[in-house]
1. Condition first: away from the ligand (no atom under 14 Å from the Cβ) and over 29 Å from Asp654 (Cβ atoms). Now tell me which residues in the stretch 253-287 satisfy that.
2. Can you find, within the stretch 405-427, the residue that is nearest to the ligand (Cβ to nearest atom) among those that are of a type in the set (D, E, K, R) and within 23 Å of Pro203 (Cβ to Cβ)?
3. Looking only at the stretch 160-181, filter to residues that are part of a strand (DSSP E or B) and near the ligand (Cβ under 8 Å from one of its atoms); which one of those is surrounded by the fewest Cβ atoms within 10 Å (Cβ to Cβ)?
4. Of everything in the stretch 308-329 that's touching a Lys or Arg at 6+ places or on another chain (Cβ under 9 Å) and part of a loop (DSSP other than H, G, I, E, B), which residue is surrounded by the most Cβ atoms within 10 Å (Cβ to Cβ)?
5. Consider the stretch 459-486. How many of its residues are without any contact (Cβ under 8 Å) to a residue 12 or more places away in the chain and either surrounded by 10 or more Cβ atoms within 10 Å (Cβ to Cβ) or under 30 Å from Thr343 (Cβ atoms) (or both)?
6. Looking at the stretch 705-724, I want the residues that are assigned by TED's automatic domain parsing to the domain that holds Leu605 and have a partner that is surrounded by fewer than 14 Cβ atoms within 10 Å (Cβ to Cβ) and hydroxyl-bearing (Ser, Thr, Tyr) with Cβ atoms under 8 Å, at least 6 apart or on another chain. Which pairs are those?
7. Would you pick out the residues in the stretch 213-235 that are surrounded by fewer than 19 Cβ atoms within 10 Å (Cβ to Cβ), more than 14 Å from Ser171 (Cα to Cα) and either in the same structural domain as Arg541 (by TED's automatic domain parsing) or within 15 Å of the ligand (Cβ to nearest atom) (or both)?
8. Is it true that Gly371 is within 14 Å of the ligand (Cβ to nearest atom) and outside the structural domain of Arg508 (by TED's automatic domain parsing)?
Amino acid sequence: DNPIKQAARKVTDALRGDGAGPEEGIPGKPGVESPSFAEPTEPHDPLPPKPDQTGPDTVSPTGQPTGADQARMAQSGAYLTNAQGTRLYDTDHSLKAGPRGPVLLQDHHLREKVMHFDHERIPERVVHARGSAAHGVFTSYGTAASVTKAAFLAEDVETPVFVRFSTVLGSRGSADTVRDTRGFATKFYTSEGVFDLVGNNIPVFFIQDAIKFPDVIHAGKPHPDREIPQAQSAHDTFWDFVTLHTEATHHTLWNMSDRGIPRSLRTMEGFGVHTFRLVNAAGETTLVKFHWKPKLGVHSLVWEEAQIINGVDPDFHRRDLADAIEAGAHPEWEFGIQTFPDTPDQTFEGIDLLDPTNIVPEELAPVQPIGKLVLDRNPSNFFAETEQVAFHVGHLVPGIDVTDDPLLAGRLFSYLDTQITRLGGPNFPQIPINRPHAPVNDMLRDSFHQTAVHRGVAPYRPNSLDGGCPFLAGADTGAYIETPVTVPESKKVREAPESFADHFSQPRRFWLSMSPVEREHIIGAYTFELGKCYEQAIKERGLQVLANIDPELCAQVAAGLGLPAPSATVPLADVEPSPALSQVGHTWPTDGRIVGIVTGPDGDLEGVRAVRDAVLAQGMVPLVVAPTGGKLGDGANALTVQRSYATARSVEFDAVLLAGTPGIGADAYGARDAKSGLDSVERAAYDPRVALLLSEAFRHGKAIGAWKGAEAALEAAGVPADAPGVIVGDSGTGTLEQILHLLGAHRVWERFPAQV
Ligand code: HDE
């Protein structure tokens, strides 16, 4: 009854090769009729969406339900028509004056088809262009009800949501696993209207004032002359800006940490970044910071792995999210708040809550869980949903208010404004994915892409002609009731407060909170990124910034760059570490983890089958890797191969199991009676792709298991059988059992530090 086990069973059914040959049904799926791949000759309805897919379920701007109708309208009937609904008898040939004659201008179908195609693209987002999204449900615990009157945060309320994850710098077609911040934007379709939490996976930002957003983005984007590099921060303009502009130091340090290269979108934390203000039914206010905590823990790639993935599977994160949802392993996060008294100075324990380069350590203000997010449905159309969704920090509901964080103030303008260019006018809230589920009765009229047919004659207030409608809500139920915060008496100035001037103590806290292996990764990242800069002055300035965080960090990076390490120009901050910031040292659920089971031509198929079933029983995903695709073995016991040696790469797996042989003294990978200490000729007898897979998995700190008959293949790959996290067992399932706890720790951390 455990949903993960159920999901695993579904995957088992889908993967099981037992018995069914292609002639009996879908290859590998018993009893299922094979689809015909011939072009149908009889009209029939379009294929329905897959069970895991759904479109937005919405009501129209005037409150009429249209969700399902909308989907039907988009593609209905069996016959091809033009945009006016007129049936067509040919769509492959232009109308010509004879088969070899000129094409005629009167061919409306040709002109309409090509005209529409010419305009298929809309401008990509100026930032966060590359994204992936899913539908889901948010269930509130009610634990926030004392601090906010927001209806969707009352006890046990279920609210539909749409979540879009993104990278920041890259274009729409850029790779997923670049070193970058990730967007984590959630649209809650609440009964009181839409609430958008437009957050990131990093809790701080590069700048303290929105007026500098164009600067930081211009610096991070590709160089304007050659338009390179794509989706990278490892270049001169980025480092020029962040080293001159030291308020960027904290965010940059997070980017250089493992947080900049998440393992999966499902293993990222999310943060609202700014401090928000909650208001309860009595009008009392509380300052809060929002957090998303992934159920599977916070996990990252290692740098070499991320770089390989950008080549071998640039859609790695997008694929992982969609596959997990399709398999029924629904990603989950807990929603939480850190709460602070709403005092006039808006600080907590000396930390300025209006400065978005600050975090408040969880040890000082624990994250209190207030609800749960489950993503359970994939979009049915990428453009209509993931591309056209429009988030806005100003989409607020009663009970949630903003603060005077100057970064947030600029965002309140920008997100509305950008949609005008991107979505072609101010009616984007009428696009199905953006429609509120609460009835809409606004007085906004006309403009491009108006799809509502408004009734009445009086879109103004006050009026008597439409019976005085629409009426105003009372102050107790209406939104945008400004909290009467006292604004300190002052002059108009272009200045930041004095408290925004400390740019190094928070980065130092982050550095001190890291485990040795995480520090090693940070050193590697700075050495790589600064090493990619051409200008010596930028590298030197980068080292100066590091010296102000920590001398050891600076010395190590300086050594890697071959430059002298400068001394700090500010006193090093005396701060306590925050253990909650480290990703290492915990044990996490292994749901949805991917285990590669590699077998050679003479492998122990019984053992492979048993391991595959045991992996599934744990709610993880087994992928059988064999020399070629197709099946292993015959008849009822045939095993489906998911990856061949040509299509497998280590980066896909969280752990690798190397199948042994059924017989003693044999070797599953071809060579016979191989002993340790293979010479080069003997090594060459093993497939180099298996050796590469193993050596990468080893370097990247992944658990590796091998059972009897596979020892020599390990040896040939240069993987020591007695290294930490390498298990050589008697049987497949026995070996698997021994690597389970390693998977719970994400990586075999003892194998680091290593420069990868
Ligand atoms: Fe954004 N940001 N941002 N941002 N942002 C956009 O809005 C902007 C900032 C974030 O999946 C744009 O619709 C300014 C912080 C996410 O559709 C744009 C400033 C945080 C997404 C914009 C910031 C974010 C965006 C581009 C400085 C984390 C993707 C397209 C004041 C809390 C949303 C769009 C999606 C997207 C402006 C800073 C998160 C141009 C001016 C801080 C997750 O409006």
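The values are calculated or read from the model by the stated rules, or taken from the named source; none is laboratory data. Please read all numbers here as calculations on a predicted model, not as lab measurements. All Cβ positions, glycine included, derive from the backbone under ideal geometry; neighbour counts span all protein chains shown.
1. Within the stretch 253-287, Arg277, Leu278, Val279, Asn280, Ala281, Ala282, Gly283, Glu284, Thr285, Thr286, Leu287 qualify.
2. Only one residue fits best here, namely Arg411.
3. So the first thing to find is which residues in the stretch 160-181 are part of a strand (DSSP E or B), and the list is 160-167.
Cutting the leftovers down to near the ligand (Cβ under 8 Å from one of its atoms) gives us 164-166.
Details: Arg164: 23, Phe165: 28, Ser166: 25.
Result: Arg164.
4. Ala329
5. Qualifying residue count for the region: 9.
6. Pairs found: Glu711/Ser676; Ala712/Ser676; Glu715/Ser676.
7. Matches in the stretch 213-235: Phe213, Pro214, Asp215.
8. Working: within 14 Å of the ligand (Cβ to nearest atom): no; outside the structural domain of Arg508 (by TED's automatic domain parsing): yes.
Taking the combined requirement at face value, the residue does not satisfy it.
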